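The values are calculated or read from the model by the stated rules, or taken from the named source; none is laboratory data. Everything quoted here is computed from the prediction, not taken from an experiment. So basically every Cβ, Gly included, is an ideal-geometry build from the backbone, and we count neighbours across all protein chains shown.
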Amino acid sequence: MAAEHARVGKQKHFRAVLLGSAALFAATGAAQAHFGMIIPSDTMIAQEDPRTIALEVSFSHPFELSGMDLPRPAAFGVYSNGESQDLLGTLSETTVLDGAAWEASFTPNRPGTYVFYMEPQPYWEPAEDVFIVHYTKTYVAAFGDDSGWDAELGLKTEIVPLAKPFAQWAGNVFQGVVKVDGEPVPYAEVEIERYNVDGAVTAPSDLMITQTVKADANGVFTYAVPVSGWWGFAALSTADFQLPQDGVSKDVELGAVLWVHFEDWPN
Ligand SMILES: [Cu+2]
């Protein structure tokens with residue numbers, strides 16, 4: 001929602017300008033995070049499952065279930081068995097969480113891991129005075145074959161999984177390496193949110209909407225996932241280039257976003 005988004009941006013802005021004011025910090029709360037999102041209808045396609053998966057592509061606040069508008073992405077595709085396939089032409093318009101978004105369907109034709117990725121057009125965020133570009137991906141295993149689960153696509157920025165980015169239990173620890181231009185990013189900040197699509201949740205504090213961890217000196221981050229569902233990991237860095245806004249060069253926040261589904265223990 002545009003209004004929700006503006007409010008979020010303003011909170012961040014106030015925080016930056018009036019740092020040190022504990023009273024104001026308490027009044028405005030913590031800022032929510034934006035997430036590029038790719039959510040497939042299935043992450044582990046069995047032989048007997050429907051072979052066509054549906055994909056939902058958006059730019060949202062996943063914990064709070066509010067969407068922003070996502071213009072047609074600059075790139076959307078799938079990587080499998082060492083090859084990339086352009087799927088940009090398969091996107092059609094839809095709405096996700098009241099935001100303009102995209103949907104597509106894809107039918108894997110052979111076993112292995114399929115990595116769906118999306119590069120959005122740079123998003124101008126006036127309240128933060130930056131452009132935001134979230135390189136987003138998710139992994140799907142087809143026909144019981146998980147080979148290629150650790151694939152690195154060579155995106156500008158990317159989380160390379162150290163744990164399988166599917167077939168995870170809730171409670172498992174998840175690890176990945178944050179990379180920019182193929183190199184690990186020491187102490188990269190990673191924002192983490194759950195997509196509460198299965199039911200709205202009220203956090204006990206706004207500080208708990210987005211969880212934040214830092215990578216270690218080797219760019220490796222670690223997070224233990226408390227409950228099942230879709231979890232988004234967004235590793236943030238500042239680009240080594242700027243983009244013009246009204247004739248002025250502005251910083252670009254790069255996000256390497258990875259969506260992973262965690263499963264319930266079958267009691
Ligand atoms: Cu937003």
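Here is how the numbers come out for the structure above:
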item: Candidate set from the stretch 221-237 (those that are touching a residue at least 60 places away in the same chain (Cβ under 8 Å) and not aromatic (Phe, Trp, Tyr)); member that is surrounded by the fewest Cβ atoms within 10 Å (Cβ to Cβ); result: SER237
item: Where TYR123 falls short, out of the listed (1) more than 18 Å from the chain's Cα centre (by Cα); (2) at pLDDT 95 or above; result: (1)
item: Unmet criterion (only one of (1) in contact with a Lys or Arg (Cβ under 6 Å, 6 or more places away or on another chain); (2) surrounded by 15 or more Cβ atoms within 10 Å (Cβ to Cβ)) for THR107; result: (2)
item: Answer residue from the stretch 164-190, given it is within 17 Å of VAL213 (Cβ to Cβ) and either charged (D, E, K, R) or at pLDDT below 95 (or both) and is surrounded by the fewest Cβ atoms within 10 Å (Cβ to Cβ) among those; result: GLU189
item: Residues located in the stretch 220-237, provided they are of a type in the set (S, T, N, Q) and part of a strand (DSSP E or B); result: THR222, SER237
item: SER249 being farther than 25 Å from VAL57 by Cβ and more than 15 Å from the chain's Cα centre (by Cα); result: yes
item: Strands (runs of 3 or more DSSP E) completely within the stretch 39-89 that count 1 or more residues being under 17 Å from THR138 (Cβ atoms) and not acidic (Asp, Glu); result: 53-61, 75-80, 83-86
item: Per-region count, the stretch 36-73, residues of a type in the set (Asp, Glu), within 20 Å of LEU88 (Cβ to Cβ) and more than 16 Å from the ligand (Cβ to nearest atom); result: 1
item: In the stretch 83-105, the residues that are away from the ligand (no atom under 16 Å from the Cβ) and in contact (Cβ under 8 Å) with a residue 60 or more places away in the chain; result: SER84
item: Pairs, first more than 14 Å from TRP230 (Cα to Cα) in the stretch 50-61, second modelled with pLDDT under 95 and within 16 Å of the ligand (Cβ to nearest atom), C-beta under 8 Å, six or more apart; result: PHE59/HIS34
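Residue-wise test of (1) under 18 Å from the mean Cα position of the chain (by Cα); (2) surrounded by fewer than 14 Cβ atoms within 10 Å (Cβ to Cβ).
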{"residue": "ARG72", "(1), (2)": "yes, yes"}
{"residue": "VAL78", "(1), (2)": "yes, no"}
{"residue": "GLN85", "(1), (2)": "no, yes"}
{"residue": "GLY89", "(1), (2)": "no, yes"}
{"residue": "GLY99", "(1), (2)": "yes, no"}
{"residue": "PHE116", "(1), (2)": "yes, no"}
{"residue": "GLU119", "(1), (2)": "yes, no"}
{"residue": "ALA141", "(1), (2)": "no, no"}
{"residue": "GLY144", "(1), (2)": "no, yes"}
